[in-house]
Amino acid sequence: MRKKKLCIYNAQIIGPEKVIKGYVIVDGSRISEVTESDFPRVKCYSDITMLDAQGRYIMPGFIDLHSDAIEKEIQPRPNTLFPTDMAFYELEKKLVVSGITTMYHSLSLSDEWGVRNQDAVIGVIKTINRLKTARSMIHHKIHLRYELTFLAGLDVLEGLIREGSINFMSYMDHTPGQGQFKDAEALKNFTIQSYGKKEQEINDFLDKTIENQARIDWTKLRELSKLAQKEGIRLASHDDDTRGKIDTLLECEGIVSEFPINLETALYAASKGLHVCVGAPNIIRGKSHSNNMKAIDALKNNAADIICSDYLPSAILPAIFHLTREGIKLTEAVKMATLNPAKALGNEGSVGSIEVGKSADLLIVEMHQDYPILRQTIVGGNTVFQSDFHIYDTERVEIIC
């Protein structure tokens, strides 16, 4: 039986360039009409479901190109692993409540422990790709983060590219003394806390990492990036801290610099036409958890155009409205989590904005005391999350002691 059309009216529709008051019609899984009007003009109400947005915002669903939330769901504590099936289904619920309709699960291919071990990562990739085709609330993608000092992982990476198991990839280097961890002691402490290992075991691992850094095969990496491009897989780099690293990314035909460490590098990346991604948690907190660049500095200097959840899916929506209080237009802030990542990944023809023909991935957002509250999440025309609230009038409540 054919599903009825859906008309969401009396809404503030956040388009790519402006906000309009009007209505959106969804036909099946696609947007069929976007009209600026005080009242919906539909021919037959019996063939359409009418949804009054009550003046709330409608915005595109978020496209999160970098989030390690699945890792946290599988391994919430050191040496504590949960089944990937359970993690997938439970994380989905958190994602739709956060407004994320397309998730690029960021998995780290390395020789570390737990969920970042090679065999574990391959298993997680296979499970996600299996589960997403059987039952899923959102669009699931794989963002494979390759640790450059994991030399034995090159062949694994090539295999995953050739078999079409991944959708996006990035090169990262967590060798102590550069990048995110210029302070080697900070990296050691982070690794001890993350994996619950003894100090000597961590020291041996970091020493091996330093040795392997000098043996990174950039000729092979450039070949793999070209292979990935042929397969429709785009490339990013991670924690860039020098112009040289941006130049290397360009040599590999990469398109995104994720979490540049300083403003100079972010500006250089943007000047070269690269997309620059910063974290929503950094925006809200006003600082980096690693004491690196403040995301707002890059955004205000036009040195970043994408925001992702990084490690906290719920951060994107409040980060968008935080940016408006910093003087950034609402339409521009929304594009940083929707249309801009879609463009970076080559998907702007089907997702990322409220336009006719695109997937009906929509969010209805209410402002409550200047805080954005997600009321409904629609993915491919299907409502996957809906909420309501009890509003208490304390002046009319009789309290009996």
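Bear in mind these aren't lab numbers, they're just calculated from the coordinates by the rules spelled out. Treat the numbers as computed from the prediction; the structure is a model and nothing was measured. So basically every Cβ, Gly included, is an ideal-geometry build from the backbone, and we count neighbours across all protein chains shown.
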Run the quick spin-label model on K21 and W218: label points 7 Å from Cα toward the beta carbon, then report their separation in nm to one decimal. 5.7 nm
Taking the Cα atoms of the chain, what is the range of coordinates along each of the three principal axes, in descending order and whole Å? 68, 62, 42
³J(HN,Hα) computed for each position of the stretch 367-373 - Karplus, 6.51 cos²θ - 1.76 cosθ + 1.60, integer Hz, glycine/proline x: 8, 10, 6, 6, 10, x, 10
Length released on extending from D47 to E163, taking residue separation times 0.36 nm less the Cα-Cα span: 37.4 nm
Taking amide hydrogens as modeled 1.01 Å from N in the peptide plane, which residues meet the under 5 Å criterion relative to S29, leaving out close sequence neighbours? none
K198 versus D297, label points 7 Å from Cα toward the beta carbon: distance in nm? 4.1 nm
1/(1 + (r/R0)^6) with r = Cβ-Cβ of K126 and E355, R0 = 45 Å, i.e. FRET efficiency to nearest 0.05, evaluates to 0.85
Taking Cα centroids, how far is the stretch 194-268 from the stretch 48-103 in Å? 27 Å
Neighbour-limited loop hits for GluC sites (Glu not before Pro), the stretch 298-369 (at most 13 other Cβ within 10 Å; DSSP other than H, G, I, E, B): E326
Considering only the chain, percent of DSSP beta bridges that pair antiparallel, nearest 5: 45 percent
For V276, other-chain or 5+-apart residues with amide H closer than 5 Å (H placed, Pro excluded) are S257, D305, I306
For the stretch 62-344, with +1 on Lys and Arg beta carbons and -1 on Asp and Glu, the positive-most of T265, S309, M172 along the dipole: S309
How many nm is it between the label spots at N262 and D388, if each spot is 7 Å from the Cα in line with the beta carbon? 5.6 nm
Karplus 3J(HN,Hα) series, Hz, for the stretch 103-108 with 6.51 cos²θ - 1.76 cosθ + 1.60 (x for Gly, Pro): 10, 9, 5, 8, 10, 9
Rounded to the nearest 20 debye, dipole of the stretch 62-344 from Cβ charges on Lys, Arg, Asp, Glu: 920 debye
Hull-based mean projected area of the stretch 68-161, where the convex hull spans the alpha carbons, in square nanometres: 5.9 nm²
When each pair of different Cα atoms in the stretch 278-401 is counted once in the 1/r mean, what is the Kirkwood radius in angstroms, to one decimal? 16.4 Å
Find which of T84, G327, T127 sits farthest along the positive direction of the dipole of the stretch 62-344, computed with +1 on the beta-carbon of Lys and Arg, -1 on that of Asp and Glu, about the Cα centre. G327
